[in-house]
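Taking it in order: structure first as structure tokens, then the write-up.
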Amino acid sequence: MHMADALIVPGTAAVMAAASAGAAAYSIYKVRRENDPAKVPVMGVMGAFVFAAQMINFTIPGTGSSGHLCGGLMLSAVLGPYAGFLTMIGVLLVQCLFFADGGLLALGCNIWNMAFYGCFVGALLIWKSIMKNGASKKRITLASILGSVITLQMGAFSVCIETFVSGVSALPFKAFLAAMLPIHLAIGLVEGLITAAVLCFIHEARPELLWGIGTQERAPARLSLGKTLGIIAAAAAVVGGLLSLAASALPDGLEWALERVAGTAELPAAGGAYEAAGAVQKATSILPDYAFPGSESAAGTTVSGLAGALITALILIGIALALHFFRSRRRG
Amino acid sequence: MSRIGNAARNIGKLDELARRDTWLNRIHPLPKLLVTVLYLVLVVSFSPRQLTGVLGMAIYPFILFEFGDLSFTSALYRMRIILPVVCLVGVLNPIFDREPALTIFGVTVTGGVLTMLSLMVKGVLTVLATYLLIATTTVESVCGALRMLHIPGILVTEFLLICRYVSVLLSEADRMWQAYSMRAPGQRGVAAGAWGSMIGRLLLRSMDRAKALYQSMCLRGFRENSTLLPVKGLESKDLFYFASFTTTLILLRIFPVLELIGRLFV
Amino acid sequence: MSHIHIDISGLSFEYEKGHPVLDSISVSFHEHDSVGIIGANAAGKSTFLKLLVGLEMPPQGSIRIEEIPVEKNTLSKIREKIGYVFQDSDTQLFMTTVQDDVAFAPRNYGLPEDEVARRVARALDLVHIPHLAGKPIYKLSGGEKKLASIATILSMTPDIILMDEPSAALDPKNRRSLIHVLNEFDHLRIITSHDLDFIWDTCSRVVLIDAGRIIADGIPDVILRDETLLTAHGLELPLSLSER
């Protein structure tokens, strides 16, 4: 579910980057407070480990197809959610730079959709609360599957929202969800099963490596489940609010997308919203749409524009061929 | 498994390109990174129907690919992961949006076709721009640029170590897979019974390696706030690069260059 | 007798209670010594080296490096004097290029960049690999990695060099060049290995350890030729000395 740059607009990118940066800043604060200088090399090597583990094909029983691992929950179950989150950021950056898997601009989205949910919701919330009375094979399996399925659903849902508010697809929001969620249910299940298998193995071989395992008579948690849920809900609300604000400020992305969903502007309320959005848009849009005097670019694309593209392409290819010709002559 | 080998080869190839000595490689990483981000922002800022505008932005990667002596084919090869997704999102646009947008030689083009095409062009251009950055900038330089942007040292060090150890762990995973597949002929992936022990053993080995690595770093004076790499200063050519490309890109974004050229002829 | 660099008395260490890895070891090493610590697997060789630089703590008994006792608050001082070369070069080399890795320690000790550059150049010269300076680590061969590993500690200008199984996984040619490089050094160097031919070629003194105790300590000509002694402690005569 890596998002490409093309699927988002600057507003979406900025909001999600800010949200992810916030989560990263908090994680850095928490990791620094642990005061364990060995954490950094561990994060580096474990990041490389996740990357390598993602490259292994897993045969899915009964289907003949193969699946892969994402690894956010697994990593957090070993490193803790904060170091796990920071490690996933590094992994996503490597994927985006070296493999074009997810865009540089969409990095904030991808960190949020994959790392944030996997590490914070999957590990901090689900894993930790299931493990609070000690670990067993059953509990590990339950936590891994539940954690992976839920966080992948949340991730897929976020992908839909981010694409929708960016307004690049004419696909209605509901149809988009209907396509994304079931696929990610299956992916989440496979992820959960692999995670469970690995963590059960670790539990048997080196149980002390697992994070967040409570004992029977544990002191009351400093952060209760309710409080944690509250914090995450508040964070989600803030991000959602910012995202819709950014969306309303887009050149015409949301407007365009809304039009698709609502058919035409039949809803009177929607008409009001359009005008409001238009006003905000005029006030905040960084770059004006093409408004060259005498330009007929109301639709954004014109015949003369396309002709210009063709001519420019021909000129550039000519220059390129000339360059190659001279280069090969020089080398020869 | 070819996936693992492919990944290692890809990283190796990019690293080799980044270590060449062309003028683009010699430009300071910070302006290159900033120009790349600016370019990405400008490309995706076009509204869905502005196909001409997006096409105009292709001038930048095209010219720099030529001058940086980079190959389009290997850049486009990288898109096999991400482009299908982008296409999938856009491919239904013509069905949902049938409103005619313009007519070329009597053929009516609908808004859906325009939005689909501009989405695909955006997809290609953004991947090209990122490739342009990483194929001319080494990992160490990227880290230097991140430090100059005040990205916390903990993240930069971690990123550097990931890049260093990806090749080591990929070859370890490859060996484990080979050892597995020798004893499980005909399997295309790891069977469910071995999921836990295979990845689990790789995980344990990685944790041990991390511990040894930490010792090795400590023995050579590593502290948490150590700066691993010196930060290079900006030279006038770097500033010139930054200023000229920023201006050019913004001008490309604001003025419909292609349309102006086209109107000379049509 | 030359200056004493390392002085150890009554050193014991255990990971688990009741299972000592090292058992009351007393020994001292001098400037310019070239010592081979030999012994079968799990004899306690690596633990011995790690105790010297404080990677395993706390030992029972005393270790003094140039008169400084090895304790928690003297570690940084001691680690500036001792270079430790890990068995696995991929653990030793964690930066992306050879020159950055060799420059790591001098930079961490806060030297100015021009001095760092001088140190790097000199260290690479000493192991005869100046041509590899700009090369990324993942492209090096096993032998090149080992030489680069040694350069990373030479750039700290240590008085003492410790090496854990340096000849493991080296082909004959790389092995020979490593021997050549080691024999050019003037430092006190302590090498652990069960590759007795390698010890024969590089060491002037041999210490045999078994089950955490020093069994023998003497010149290679005596210990490495003593077949009964070696086989009694899980080792064999060096190939170059055995008669066929």
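About its Cα centre, what dipole magnitude does the range B:139-227 give when the only charges are +1 on Lys and Arg Cβ and -1 on Asp and Glu Cβ, stated in debye to the nearest 20?
Dipole magnitude for the range B:139-227 comes out near 220 debye.
Across all directions, the average projected area of the convex hull around the alpha carbons of chain C is 13.7 nm². For the range B:75-232, the Kirkwood estimate of the hydrodynamic radius, built from every pair of different alpha carbons, is 20.7 Å. Please determine, in degrees from 0 to 90 and to the nearest 10, the orientation of helix C:98-108 with respect to the longest principal axis defined by the Cα atoms of chain C, where the helix direction is its Cα long axis. Tilt relative to chain C: about 80 degrees. Which residues does a label at A:ALA18 reach in the range A:91-133, if reach means a backbone N under 18 Å from a point 7 Å past the Cα toward the Cβ? Counting only backbone N, you get A:105-113. Compared with the dominant Cα axis of chain C, that is its longest principal axis, helix C:113-126 is turned about 50°.
Restricting the calculation to alpha carbons of chain B gives Rg and Dmax of 23.3, 75 angstrom. Annotation: for a label point projected 7 angstrom from Cα along Cα→Cβ of B:THR248, residues of the range B:111-134 with backbone N closer than 15 Å are B:129, B:132-133.
What whole number of Å gives the distance from the Cα centroid of the range B:219-260 to the Cα centroid of the range C:76-104? For the range C:76-104 versus the range B:219-260, the Cα centre distance is 32 Å. What aspartates and glutamates sit close enough to A:LYS138 to cross-link, taking a C-alpha to C-alpha distance under 15 Å and skipping anything fewer than 8 places away on the same chain? Filter leaves A:GLU204.
Based on a Kirkwood Rh over C-alpha pairs, give the Stokes-Einstein translational diffusion coefficient of the range C:1-134 at 20 °C and viscosity 1.002 mPa s in µm²/s. Write down the numbers at each step before the final one.
Details: Rh = 17.0 Å.
Result for D is 126 µm²/s.
Between the amide H of C:ALA216 and those of C:LEU208, distances stay under 5 Å, these residues lying 5 or more places away or on another chain, with hydrogens modeled in the peptide plane.
Quick one: what do you get for the range C:56-115 if you divide its Cα Rg by 2.2 N^0.38 Å?
Working: Rg = 14.4 Å, N = 60, 2.2 N^0.38 = 10.4 Å.
With N residues counted in the range C:56-115, Rg over 2.2 N^0.38 Å equals 1.38.
Taking label points 7 Å from Cα along the Cα-to-Cβ direction, C:GLU227 and C:ALA117 give a separation of 5.9 nm.
Lysine pairs in chain B 8 or more apart or on different chains: how many have alpha carbons under 27 angstrom apart?
Values: B:LYS13/B:LYS32; B:LYS13/B:LYS122; B:LYS13/B:LYS232; B:LYS32/B:LYS122; B:LYS32/B:LYS232; B:LYS32/B:LYS237.
The number of close lysine pairs in chain B is 6.
Excluding the site residues themselves, the longest part of chain B lacking any GluC sites (Glu not before Pro) in a DSSP loop with at most 16 other Cβ atoms within 10 Å is B:1-223. Screening chain B for whole DSSP H helices with an alpha carbon extent of at least 18 angstrom along the helix axis and a mean Kyte-Doolittle hydropathy of at least 0.5 yields B:29-44, B:111-134, B:153-183, B:236-254.
Please give the average number of partner chain Cβ atoms lying within 10 Å of the Cβ of each residue in B:51-61, rounded to a whole number.
Average neighbour count from other chains, rounded to a whole number: 5.
List the trypsin sites (Lys or Arg not before Pro) within the range B:31-131 that fall in a DSSP loop (any state other than H, G, I, E or B) and whose Cβ has at most 15 other Cβ atoms within 10 Å. Let's see the in-between values first.
On the way: sites: B:LYS32, B:ARG49, B:ARG78, B:ARG80, B:ARG98, B:LYS122; in loops: B:ARG49, B:ARG98.
Qualifying residues, ordered by number: B:ARG98.
Taking Cβ atoms as reference points and 13 Å as the exclusive limit, the residues near B:LYS13 contribute a net charge of +3, counting Lys and Arg as +1 and Asp and Glu as -1. Label-to-label distance, C:ALA40 versus B:SER181, with points set 7 angstrom from Cα along the beta-carbon direction: 3.9 nm. Proximity of backbone amide H atoms, modeled 1.01 Å from N, is registered between A:LYS132 and A:GLY214 at under 5 Å, excluding neighbours fewer than 5 places apart on the same chain. Loop-resident chymotrypsin sites (Phe, Trp or Tyr not before Pro) (DSSP state other than H, G, I, E or B) in the range C:67-106 with no more than 12 further Cβ atoms inside 10 Å of their Cβ are absent. Treat the range B:139-227 as a sphere of radius equal to its Kirkwood radius over Cα pairs and apply Stokes-Einstein at 37 °C in a medium of 0.692 mPa s; give the translational diffusion coefficient in µm²/s, rounded to a whole number. Rounded to a whole number, D works out at 211 µm²/s.
Amide H to amide H distances under 5 Å link C:LEU22 with C:PHE13, where only residues 5 or more positions off or on other chains count and H is placed in the peptide plane.
How large is Rg/Rh for the range C:139-244, to two decimals, with Cα atoms and a Kirkwood Rh?
Numbers: Rg = 14.6 Å, Rh = 14.9 Å.
Over the Cα atoms of the range C:139-244, Rg/Rh equals 0.98.
How many lysine pairs in chain C, separated by 8 or more positions in sequence or lying on different chains, have Cα atoms less than 23 Å apart? Lysine pairs meeting the criterion: 21. Take the Cβ atoms of C:GLU71 and C:HIS131, set R0 to 41 Å, and the FRET efficiency comes out at 0.45. Loop-located trypsin sites (Lys or Arg not before Pro) across the range A:1-60 with a Cβ neighbour count of 10 or fewer within 10 Å are lacking, with loop assigned by DSSP. Which whole-number percent of Cα pairs in the range A:20-165 have a distance greater than 24 Å? Pairs farther apart than 24 Å: 32 percent. Any idea which of C:ASN41, B:LEU88, B:GLY68 is furthest toward the positive side of the dipole for the protein assembly as shown, if Lys and Arg beta-carbons carry +1 and Asp and Glu beta-carbons -1? Ranked along the dipole, the leading option is B:LEU88.
Between C:GLU31 and C:GLU16, the modelled labels are 4.5 nm apart [label points 7 Å from Cα along Cα→Cβ].
Taking Cα atoms only, the orientation of helix C:172-184 departs from the longest principal axis of chain C by about 90 degrees.
An ellipsoid equivalent to the protein assembly as shown, defined through the eigenvalues of its Cα gyration tensor, has semi-axes of 56, 32, 23 Å when rounded to whole angstrom and sorted largest first. Partners of A:LYS132 within straight-line reach, counting lysines whose Cα lies under 19 Å from its Cα and excluding those fewer than 8 residues away in the same chain: A:LYS227.
Once you divide the Cα radius of gyration of the range B:193-262 by 2.2 N^0.38 Å, the number left is 2.30.
Overall dimensions of the range B:1-113, expressed as equivalent-ellipsoid semi-axes from the Cα gyration tensor (√(5λ), whole Å, largest first), are 34, 20, 12.
Just so you know, all these numbers are worked out from the coordinates, no wet-lab data involved. All values derive from a computational prediction rather than experimental measurement. Cβ coordinates were reconstructed from backbone atoms using ideal geometry, including for glycine residues, and neighbour counts include every protein chain displayed.
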